[in-house]
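Only the coordinates and a few stated rules stand behind these numbers; no lab work does. Only a predicted model underlies this, so the values are computations on that prediction, with no experimental measurement involved. Here Cβ is always computed from backbone atoms with ideal geometry, including for glycine, and neighbour counts include all displayed protein chains.
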Amino acid sequence: MIADDVYRRGRAGLPSWIADSHGRRTPLPIARWMGGTFATAADIRSDEASIAFCTGPTLDLGCGPGRLTEALTRAGVPALGVDSSSVAVEMTNHRGGRAMQQDIFSALPGAGQWSHVLLADGNIGIGGDPAALLATVRGLLHETGTAIVESAFEIDDRTTTVRWETGESVGEWFSWASVGVNALYALAVAAGLQVRRTIESNGRVFTELAVHNFERGIEGV
């Protein structure tokens with residue numbers, strides 16, 4: 001699995017890239033994903049801003065090497081990371097977090113009971129269908145729960161075909177979505193979620209989405 005190779009390389013301080021079907025090739029932010037001594041002070045401040053939303057049991061979807069799952073756990077917040085990469089899950093567990101290897105669109109533990117679901121690092125793009133992903137997230141949240149979603153400023157909403165590449169191998173093509181703040185607002189409403197607040201930290205944008213109770217016409221808080 002190419003993701004396993006990417007995370008192994010990241011652990012060794014080696015780069016990997018994401019390429020799209022238009023021929024563009026961009027370095028993956030693997031140092032930020034790794035966290036700890038690999039991350040910059042600004043990266044760490046942004047991560048702290050994102051997890052400050054999480055005060056109760058949190059599901060970290062697409063957790064990667066587990067820096068956020070670990071940080072939540074160390075802060076005393078029950079957290080579970082989910083990732084399709086066995087290496088990412090092993091790294092998360094090794095650093096003191098708790099993670100499971102699973103497709104995030106499959107049945108996950110605690111559905112309907114999570115206080116928070118975290119979609120950091122642009123993971124709103126997983127699967128190339130942010131509307132379907134937000135509907136999945138809504139089903140995971142408690143009626144008083146919130147989703148914390150990292151999006152972007154400049155773009156609106158687009159889906160592209162991409163693949164991960166290392167120095168030795170390339171992965172399979174897969175669909176990935178990029179979602180801007182304005183597009184996220186409309187997608188949230190369609191999924192039964194409501195924007196509560198948006199913050200910016202070091203050029204990264206985090207939006208808190210609360211479950212909305214349409215029958216009462218009020219936010220489910």
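List of remarks:
- Net charge dipole size for the chain [Lys, Arg +1 and Asp, Glu -1 on Cβ; Debye, nearest 20]: 360 debye
- Simple point charges give the picture: +1 on the Cβ of Lys and Arg, -1 on the Cβ of Asp and Glu, and for region 28-90 a dipole about the Cα centre of about 120 debye.
- Paramagnetic label reach from HIS94 (point 7 Å along Cα→Cβ; backbone nitrogen cut-off under 12 Å): within region 1-30, residues 7-13.
- Listed residues ALA19, ALA49, ALA75, most fluctuating in the chain (Gaussian network, C-alpha, under 10 Å): ALA75
- Couplings for region 12-24, taken from phi via the Karplus curve 6.51 cos²θ - 1.76 cosθ + 1.60 with θ = phi - 60°, read 8, x, 9, x, 9, 9, 10, 10, 10, 6, 8, x, 7 Hz in order; Gly and Pro are left as x.
- Cα long-axis angle, helix 181-190 against the chain (0 to 90 degrees, to the nearest 10): 50 degrees
- Karplus-based coupling profile of region 52-68, in residue order and whole Hz: 5, 5, 9, 10, x, x, 10, 9, 9, 7, x, 5, x, x, x, 5, 6, with θ = phi - 60° in 6.51 cos²θ - 1.76 cosθ + 1.60 and x standing for Gly or Pro.
- FRET E, pair ARG8, PHE105, Förster distance 30 Å, beta-carbon r, rounded to 0.05: 0.75
- Between ALA135 and HIS22, the simple spin-label model (points 7 angstrom out along Cα→Cβ) gives 2.8 nm.
- When you count the other C-beta atoms within 10 angstrom of each residue and take the mean per peptide, 196-202, 182-188 line up highest first as 182-188, 196-202.
- The residue list TRP176, ALA75, ASN93 was ranked by how far each Cα lies along the charge dipole of the chain toward its positive end, using unit charges on Cβ atoms, and ALA75 comes out on top.
- Gaussian network model of the chain, springs between alpha carbon atoms under 10 Å - residue of THR144, THR37, THR161 with greatest fluctuation: THR37
- Of all the options ALA210, ALA147, ALA52, the one that moves most in a Gaussian network model of the chain with Cα springs shorter than 10 angstrom is ALA52.
- Look at the alpha carbon pairs under 8 Å that are at least 6 residues apart: their mean separation over the length of the chain gives a relative contact order of 19 percent.
- Three-way shape call for region 54-113 based on the alpha-carbon gyration tensor, with the a/c threshold at 1.5: oblate
- Taking amide H atoms as placed 1.01 Å from N in the peptide plane, the amide H of ALA152 lies under 5 Å from those of VAL179, GLY180, VAL181, each 5 or more residues away in sequence or on another chain.
- Counting DSSP beta bridges with both ends in the chain, the antiparallel % (nearest 5): 65 percent
- Ellipticity estimate at 222 nm from DSSP helix runs (n ≥ 4, -39,500 (n - 2.57)) divided over the chain, nearest 500: -8000 deg cm²/dmol
- Length added when fully stretched, SER169-ILE199, from 0.36 nm per residue minus Cα-Cα: 7.1 nm
- Estimated FRET transfer efficiency when R0 is 41 angstrom, pair THR37-SER86 (beta carbons, to 0.05): 0.95
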